[in-house]
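Some notes on the structure that comes next.
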Amino acid sequence: MTISIQYFARLRDEVGRAGDATAKPDTVHTAGDLWRHLHDSPPPPRLMVAINQRHARLDSPVADGDEVAFFPPVTGG
Amino acid sequence: MTISIQYFARLRDEVGRAGDATAKPDTVHTAGDLWRHLHDSPPPPRLMVAINQRHARLDSPVADGDEVAFFPPVTGG
Amino acid sequence: MAVRLFSEPFDPWALVRERERELPLEKLGATSVFVGRMRDFNDDRTVQGLFLEHYPGMTERELERIVLEAEARWPVDACEVAHRVGAVNPSETLVLVAVWSAHRIAARDACAEILERVKHEAPFWKRERLVDGSERWVETNTPGS
Amino acid sequence: MAVRLFSEPFDPWALVRERERELPLEKLGATSVFVGRMRDFNDDRTVQGLFLEHYPGMTERELERIVLEAEARWPVDACEVAHRVGAVNPSETLVLVAVWSAHRIAARDACAEILERVKHEAPFWKRERLVDGSERWVETNTPGS
């Protein structure tokens with residue numbers, strides 16, 4: 001089981017790829033932990049996160065098998 | 001020169017006619033005076049008045065040649 | 001600005017689309033529309049038909065004044081108001097208010113304000129025909145805000 | 001409830017009219033519609049085109065959730081939300097929100113609320129193409145209330 005990660009919009013440009021996949025390390029409990037694990041840096045300001053296609057927070061728990069998405073503030077409509 | 005008077009909606013049903021015409025008597029200065037002159041009674045509650053097709057008040061002055069309309073609260077839209 | 005009275009049924013969406021043919025839509029990011037229709041019920045009574053009386057001449061003046069004042073108050077670029085008069089059947093359109101603007105707040109607020117003023121200031125009066133054949137004047141509009 | 005994504009231009013008024021064919025309009029006294037279009041300017045810059053990125057799957061879920069919550073909060077009888085995705089040219093429709101209700105306040109407030117939530121919660125992102133050929137991500141929506 002892995003966690004699949006997606007990046008959208010400006011964030012995808014900045015990260016340089018559309019997604020990642022990782023087995024959940026024991027040190028990763030939340031979406032924020034996951035970001036720090038993948039990028040060796042704190043989550044950028046105004047970062048938004050969705051877990052399994054629902055809005056979540058950086059302190060929301062993540063589990064193996066989850067679909068996690070990181071993106072900047074939305075600008076539809 | 002006369003003042004022409006129109007009644008609309010429920011008020012026309014109650015007055016029993018669509019309009020009146022009268023030379024302005026010397027005692028009539030306002031739309032309220034005009035109503036009392038024509039009907040021998042005080043203006044009914046919530047009576048609305050227009051003078052020359054603009055909303056007016058019972059204390060608005062009337063003059064010979066004016067088109068005066070009395071009507072109940074409007075209910076369009 | 002366009003203000004129109006219809007004594008026959010009209011299609012509000014066709015009216016909006018027709019008006020848009022002459023508008024610079026690439027400047028107008030926001031369009032807000034309200035359509036009011038005749039319901040077959042009111043105050044828990046079943047209504048069969050409606051007669052919309054109006055004050056010819058003053059009605060058009062009032063609608064134009066209401067639109068001009070909205071155009072002065074908000075940065076809106078175009079407004080369309082259409083109102084039915086005469087005998088109306090359930091589900092037919094009574095009123096259309098459409099506002100085009102560069103900005104959604106202006107479009108939305110101007111549309112709401114025009115509708116409220118049409119309902120409370122324009123000289124129209126509704127007479128309902130109930131199922132038992134009796135008729136009654138509608139005494140007042142429901143409050144809007 | 002109907003939520004739709006379009007990758008090609010769509011006619012918002014045709015969509016509204018099509019939906020109304022299946023609605024009991026004699027019960028629905030009030031229809032409130034907002035149409036948002038692509039402008040050819042933003043922040044004083046001339047914009048040539050727009051790309052609307054979205055999160056397939058989550059987008060539909062979010063739009064449905066927003067509509068369901070509006071239907072729970074207001075006495076509205078039908079809602080229609082349509083949103084464009086992909087490459088868009090100036091004057092093309094980006095978003096349609098239409099709400100039908102027996103009462104005008106419910107229709108108006110639910111329409112405004114759905115629009116604001118679509119703008120602030122649904123996962124869409126706009127990238128603008130300027131006249132000099134450069135591109136920029138739109139950083140934030142203008143506040144709505």
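Quick note: the coordinates plus some simple rules give every number you see, no bench work behind them. All of these numbers come straight from a predicted model, not from anything done at the bench. Note that we place each Cβ from the backbone using ideal geometry, even for glycine, and neighbour counts take in every protein chain shown.
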- [ ] Place a +1 charge on the Cβ of each Lys and Arg in the protein assembly as shown and a -1 charge on the Cβ of each Asp and Glu, then give the dipole magnitude about the Cα centre in debye, rounded to the nearest 20.
- [x] 40
TODO: Name the most mobile residue of D:P56, D:P75, D:P123, meaning the one with the largest mean-square fluctuation, in a Gaussian network model of chain D with Cα contacts below 10 Å.
DONE: D:P56
TODO: List the relative contact order of the stretch D:2-130 as a percent without decimals, with contacts defined as Cα pairs under 8 Å and 6+ residues apart.
DONE: 40
Task: Hz values of 3J(HN,Hα) by residue in the stretch D:27-41 - Karplus curve (6.51, -1.76, 1.60), Gly and Pro given as x - done: 9, 10, x, 9, 10, 10, 10, 10, 10, x, 10, 6, 8, 8, 8
Task: Extent along principal axes [Cα atoms of the protein assembly as shown; Å; largest to smallest] - done: 96, 51, 33
Task: For the stretch C:32-96 versus the stretch B:36-77, the gap between their alpha-carbon centres in whole angstrom - done: 23
Open item on the list: Consider the operator that turns chain B into chain A: which B residue has a Cβ nearest its axis, and what is that gap in Å?
Closed with: B:G77, 14
Open item on the list: Sort D:E69, C:E128 by Cβ crowding within 10 Å, fewest neighbours at the top.
Closed with: D:E69, C:E128
Open item on the list: Below 14 Å, Cα to Cα, which aspartates and glutamates can A:K24 reach? Residues fewer than 8 away in the same chain don't count.
Closed with: A:D33, A:D64, A:D66, A:E67
Task: GNM flexibility winner over chain C from C:R127, C:R73, C:R117 (Cα, springs under 10 Å) - done: C:R73
Open item on the list: Give me D:E8, D:E64, D:E20 sorted ascending by neighbouring Cβ count inside 10 Å, so fewest comes first.
Closed with: D:E8, D:E64, D:E20
Task: Neighbour-count order for D:S101, A:S4, B:S41, fewest beta carbons within 10 angstrom listed first - done: B:S41, A:S4, D:S101
TODO: Using amide H atoms built 1.01 Å from N in the peptide plane, name the residues 5+ places from D:G49, or on other chains, whose amide H lies under 5 Å from its own.
DONE: D:R129
TODO: Specify the residue with the greatest mean-square fluctuation among A:V49, A:V62, A:V28, computed from a Gaussian network of chain A linking alpha-carbon atoms under 10 Å apart.
DONE: A:V28
Task: Cα-based helix-to-principal-axis angle, D:58-73 vs chain D, degrees rounded to 10 - done: 40
TODO: Just the number, please: percent antiparallel of the DSSP beta bridges in the protein assembly as shown, rounded to the nearest 5.
DONE: 85
Task: Exam field: C:G133 pseudo-label spacings to other copies (7 Å along Cα-Cβ), nanometres - done: 8.1
Open item on the list: Just to check I understand the Karplus step: with θ = phi - 60° and J = 6.51 cos²θ - 1.76 cosθ + 1.60, what whole-Hz values come out for the stretch B:13-29, glycine and proline as x?
Closed with: 4, 6, 6, x, 7, 7, x, 9, 9, 8, 5, 5, x, 4, 7, 9, 10
Open item on the list: What Kirkwood Rh does chain D have if only Cα atoms enter the pairwise 1/r average? Answer in Å.
Closed with: 15.9
- [ ] About the Cα centre of chain C, how large is the charge dipole given +1 on each Lys and Arg Cβ and -1 on each Asp and Glu Cβ? Please answer in debye to the nearest 20.
- [x] 120
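Please give the direction-averaged projected area of the C-alpha convex hull for the stretch D:90-131, in square nanometres with one decimal. The partial results should precede the final answer.
Numbers: hull surface 16.0 nm².
Dividing the Cα hull surface by four gives the mean projection, 4.0 nm².
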Task: Residues whose placed amide H lies under 5 Å from that of C:D11, excluding near-sequence neighbours - done: none
Task: Dipole moment magnitude, nearest 20 debye, chain B about Cα centre, only Lys, Arg, Asp, Glu C-beta charged - done: 280
TODO: Straight distance only, please: which lysines reach the Cα of D:K126 with their own Cα at less than 22 Å, same-chain residues fewer than 8 apart left out?
DONE: C:K27
Open item on the list: I need to check one value: relative contact order of the stretch A:3-71, counting alpha carbon pairs closer than 8 Å and at least 6 residues apart, in percent.
Closed with: 42
TODO: Would you work out which of D:I66, D:A78, D:L94 lies farthest towards the positive end of the dipole of chain D? Charges go on Cβ: Lys and Arg +1, Asp and Glu -1.
DONE: D:A78
Open item on the list: Just to check I understand the Karplus step: with θ = phi - 60° and J = 6.51 cos²θ - 1.76 cosθ + 1.60, what whole-Hz values come out for the stretch D:9-16, glycine and proline as x?
Closed with: x, 9, 9, x, 6, 5, 5, 4
